[in-house]
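The structure under discussion appears below in the form of structure tokens.
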Amino acid sequence: MEEKTFNGQPIKRKDLREEFNQKNQRLAKYNTPQKFNQKVKDYCEFYKIPFDDSKYNGSMCFYIGEDNRNQEEQDEAPF
């Protein structure tokens, strides 16, 4: 998780898990989707990183971190 930069954009759960499993092949056989999803949630909660998960374009996705696009829009003057 420390290697990645998250900006609040949707990340497919399956893709993130597969990337993790490729980098950590010894752990892959013990890494069920349910365990992985819970560990991601726990990590974000521990480090107080904004987190949400929901469906996006038919796939379950994580939303991790602040959405930079929304922050830029909020920083602009309303007029």
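The values are calculated or read from the model by the stated rules, or taken from the named source; none is laboratory data. Owing to the predicted nature of the structure, the values given are computational and were not obtained by experimental measurement. Here the Cβ positions follow ideal geometry from the backbone for every residue, glycine too, while neighbour counts run over all protein chains shown.
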Test set (1) in a helix (DSSP H, G or I); (2) at pLDDT below 90; (3) acidic (D, E) - E66 fails condition number
(1)
I want to confirm something. Restricting to segment 1-22 and keeping residues that are exposed (fewer than 10 other Cβ atoms within 10 Å of the Cβ) and not hydroxyl-bearing (S, T, Y), which single residue is modelled with the highest pLDDT?
Q22
Just a yes or no: is a residue in segment 29-51 modelled with pLDDT under 95, of a type in the set (D, E, K, R), within 16 Å of L16 (Cβ to Cβ) and in contact with a strand residue (DSSP E or B) (Cβ under 8 Å, 6 or more places away or on another chain)?
no
